[in-house]
1. What distance in nm lies between label points placed 7 Å from Cα along the C-beta direction at Leu248 and Leu189?
2. Relative to 2.2 N^0.38 Å, what does the C-alpha radius of gyration of the range 87-171 come to as a ratio? Two decimals please.
3. Decide, for the range 164-208, between rounded, prolate and oblate: order the square roots of the alpha carbon gyration tensor eigenvalues as a ≥ b ≥ c, take rounded if a/c falls under 1.5, and otherwise choose prolate if a/b is larger than b/c, else oblate.
4. With label points built 7 Å along Cα→Cβ from the Cα atoms of Arg16 and Lys113, find their separation and express it in nm.
5. What is the packing order of peptides 248-258, 269-279, taking the mean over residues of other C-beta atoms within 10 Å and listing the highest first?
6. Of Lys173/Lys213; Lys84/Lys197; Lys48/Lys95, which ones are farther than 25 Å apart at the Cα?
7. Tally Lys/Arg at +1 and Asp/Glu at -1 over every other residue whose Cβ is under 15 Å from the Cβ of Pro192; what's the total?
8. Quickly rank 188-194, 201-207, 114-120 as a protection proxy: mean count of other C-beta atoms within 10 Å, highest first.
Amino acid sequence: MELYKDTSMGMNNGHRSPVVRFSIYAPFTGYSRIGSLFQKSKREEAVKVAIEVGHRHLDGAYFCENEKEVGRAIQEKIADGMVKREGNILPRNGKLLWSTFNTPEMVPSALEKSLKSLQFDYIDLYIIHTPLSLKPGTDTWPKDENGKLIFDVVDLRQTWEAMEACKDAGLVKSIGVSNFNIRQLEMILNKPGLKYKPVLNQVECHPYLNQSKLLAFCKSKHILLEAYCALGSQRDKTWVDQSSPVLLEDPVLGAIAKKYNRSPVLVALRYQLQRGVVVLFKTYTRKRIEENFQVKQEGREKRMRCADLDGHRRGLRTFVYLGHPQFPFIDE
């Protein structure tokens, strides 16, 4: 997992991962995506801008409901000659298998649906979104008559076998997981007949939640750790205590940013790269996309003293699955 010219890291299957990935995300409240308030055209335009700035890995998820927009934007940039799907200059696409498709028989159909929406023949990176399964079907957030999520328990080893079959079929280049703890990763790694190890584990990770034990384990198994919410958890009132500290307003982070004449955002992102963690970030404005992309250049100038403020813990999405038999976040 060496750093190559500070722009990419090697994965355990021989492919490389950019150290900074662009996330195609939409605002989220409770169990619903705010489609009416956040125009899909903004997502499509953000993808175009990200490609223009230099991003070559675009990360999305089924439940974000933006696959068609992402596909159109990428196809437009391929058509105008800015990028190409094959060769050294191409838009790589990462997709997450949603919780209602974790049963092994549903994995291929979910992938085929994403491929059709994206207008792709294959996906570069396909990830199990979470070890927490929901009632199988097309309803993204299946709920009972009391409004509670309907959980399902799936043998994730079988889900992984279905992912391996997708890779064997040439529909995906690499496969990984998200929100898995050490115990759940070991379950996959120790599975009899394992063909492919996960190349990556995507988790919430930032200076307030450094995931040091998980990072050490992943490094020992040659699995990349990728940080979402790298700038701190969302501030959604549904599950985040509004009195909790805001990472980008932290005085220690601010002091480091002032010392190096950089923004707190760049310091927080650089913190991850210096630890060997891939960074996933989201934004929809050209100015911020350009600024955040600069983090790939920072290490060539100097190695920053970055803040490790672990202790404020996670705040994202854990509320949704409380009580699930396979809930991962109680493990350290």
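The values are calculated or read from the model by the stated rules, or taken from the named source; none is laboratory data. Please read these numbers as outputs of a predicted model, since none were measured by experiment. Cβ: placed from backbone, ideal geometry, glycine included. Neighbour counts: every protein chain shown. What goes into the accessible areas is simple: the full protein's heavy atoms, side chains included, and nothing from ligands, DNA or RNA. Shrake-Rupley method; radii C 1.70, N 1.55, O 1.52, S 1.80 Å.
1. About 3.5 nm separates the two model spin labels.
2. Numbers: Rg = 14.1 Å, N = 85, 2.2 N^0.38 = 11.9 Å.
Its radius of gyration relative to the 2.2 N^0.38 Å reference: 1.18.
3. Numbers: a/c = 3.97, a/b = 1.52, b/c = 2.61.
Judged from the Cα gyration tensor, the range 164-208 comes out oblate (a/c at least 1.5, b/c at or above a/b).
4. 3.5
5. Numbers: 248-258: 15.5, 269-279: 22.9.
By packing density, highest mean first, the sequence is 269-279, 248-258.
6. Values: Lys173/Lys213 28 Å; Lys84/Lys197 28 Å; Lys48/Lys95 18 Å.
Among Lys173/Lys213; Lys84/Lys197; Lys48/Lys95, the Cα-Cα distance tops 25 Å for Lys173/Lys213; Lys84/Lys197.
7. Values: positive: Arg157, Lys191, Lys195, Lys197; negative: Asp155, Glu161, Glu164, Glu186.
Spelling it out: positives minus negatives among the neighbours equals 0.
8. Working: 188-194: 12.1, 201-207: 25.1, 114-120: 18.7.
My ranking of the peptides, most packed first, is 201-207, 114-120, 188-194.
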